[in-house]
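Please read the structure below before turning to the comments.
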Amino acid sequence: MLISGKQILQHAYENGYAVPAFNFANMENLQAIIEGAEEMNAPVIIQTTQGAIDYAGFEYLADIGIGAAQRSRVPVVLHLDHGQKYEYCLKAIQLGWTSIMIDSSLEKLAENVRKVNEVIKIARPLGIAVEAELGIIGGKEDDLKSEQDIYTEVKDAVDFYQATHCDALAIAVGTAHGIYKGTVKIDFNRIQEIREKLPIPLVLHGSSGVPLEMVSQAVRCGINKVNFDTELKLANLQALQTFMTKNPGVYDIRKMYRPCRQAMKEVVKAKIEACKATNKSWVVL
Ligand code: G3H
Ligand code: ZN
């Protein structure tokens, strides 16, 4: 079933687990996420960046994302990930996305607040959750590239929340988008401090490559949404390379992409398990 981001994140916030969020850009990618969530009996967020929308088409992603969510046995949220342009946020809302991220984290604070409030103004009356970002998460996501990360300051997070009352906040605590070059270090104390001060779900980006136990620890410290993208892409690539090496003459896309979908699904299931983090139940609707 397709549900609102607000509803599912609120339940996660109140019950101390995180809803995993996975990016998708095509059918196999989407099927791997939904099937993985169904096999784990877990709620899930399927998300699209502006780049994925440019690649596949807005209406097309709406068709397959909403269709898959509606047919699913588990609660599914369709989320716009790293929306940077107001037009994308607006169109996503018009087409049925149930959660929106407006990412103006590279702007000055006042401009970030202004842009977030602009989206909240149209999303809130419709019950659509708005995620914002404060601080700078390193690495590269779509065409968003940050050479260095700037950790979210607790005081800034409080001021930002008071100025926007956003529904969820992505914070920079040491993770980075893409493939990690060194060891992952997460500032768990900072997550806890921000969690104590803000009455809203916190979001961890750049979670591919973060050891599963660290993901669970971040959740126990107060994270309620965890974003994964790169590891699904890598699983897809590795499965495809292995298949083509073993079956050089095969050109049937159904045969080629079946192991890719399976490999992505295994990643999805492992991440879902890590996001549960406690013995409490997932959302039951
Ligand atoms: O917004 C998406 C994520 O933050 C994904 O990051 O590709 O490092 O898993 P990742
Ligand atoms: Zn991200």
* Being closer than 16 Å to residue 176 by Cα, within 16 Å of ligand 1 (Cβ to nearest atom) and part of a strand (DSSP E or B) narrows it down to one of 226, 215, so name that one. => 226
* Working only within region 135-178, note down all residues that are β-branched (Val, Ile, Thr) and within 16 Å of ligand 2 (Cβ to nearest atom). => 136, 137, 150, 152, 171, 173, 175
* What do you reckon, is residue 138 open to solvent by less than 50 Å² (accessible area, probe 1.4 Å), touching a residue at least 60 places away in the same chain (Cβ under 8 Å) and over 25 Å from residue 77 (Cβ atoms)? -> yes
* What is the residue count in region 178-209 for residues that are within 16 Å of the chain's Cα centre (by Cα) and farther than 17 Å from residue 45 by Cβ? -> 2
* Asked: Any idea which of 149, 103, 81 is acidic (Asp, Glu), over 21 Å from residue 9 (Cβ atoms) and within 16 Å of ligand 1 (Cβ to nearest atom)?
  -> 149
* Asked: Yes or no: residue 232 within 16 Å of ligand 1 (Cβ to nearest atom), in contact (Cβ under 8 Å) with a residue 60 or more places away in the chain, outside any strand (DSSP E or B) and within 21 Å of residue 267 (Cβ to Cβ)?
  -> yes
* **Within region 146-202, considering residues that are of a type outside the set (Gly, Ala, Ser) and touching a residue at least 60 places away in the same chain (Cβ under 8 Å), the one nearest to residue 126 (Cα to Cα)** => 167
* **Residue ID - surrounded by the fewest Cβ atoms within 10 Å (Cβ to Cβ), chosen from residues in region 85-119 that are farther than 28 Å from residue 67 by Cβ and among the hydrophobic types (A, V, I, L, M, F, W, C)** => 110
* To do: With respect to residue 113, determine if the residue is over 19 Å from residue 47 (Cβ atoms), modelled with pLDDT of 95 or more and within 14 Å of ligand 1 (Cβ to nearest atom).
  => no
* To do: With respect to residue 225, determine if the residue is within 16 Å of ligand 2 (Cβ to nearest atom), within 15 Å of residue 37 (Cα to Cα) and either crowded, with 21+ Cβ neighbours inside 10 Å or free of Cβ contacts under 8 Å to residues at least 60 places away in the same chain (or both).
  => yes
* Asked: Does residue 210 meet the test of being open to solvent by less than 40 Å² (accessible area, probe 1.4 Å), free of Cβ contacts under 8 Å to residues at least 40 places away in the same chain and more than 16 Å from residue 21 (Cα to Cα)?
  -> no
* **Check on residue 27, open to solvent by 10 Å² or more (accessible area, probe 1.4 Å), touching a residue at least 40 places away in the same chain (Cβ under 8 Å) and either more than 14 Å from residue 80 (Cβ to Cβ) or within 16 Å of the chain's Cα centre (by Cα) (or both)** => no
* Asked: Has region 66-75 got at least one residue that is buried (at least 22 other Cβ atoms within 10 Å of the Cβ), closer than 23 Å to residue 118 by Cβ and in contact (Cβ under 8 Å) with a residue 12 or more places away in the chain?
  -> no
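The values are calculated or read from the model by the stated rules, or taken from the named source; none is laboratory data. Computed from a predicted model, the values in this text were never measured in an experiment. Glycine gets a Cβ as well: all are built from the backbone with ideal geometry, and neighbour counts include every protein chain shown. Note: accessible area is taken over every heavy atom of the protein model, side chains too, but ligands, DNA and RNA are not part of it. Shrake-Rupley method; radii C 1.70, N 1.55, O 1.52, S 1.80 Å.
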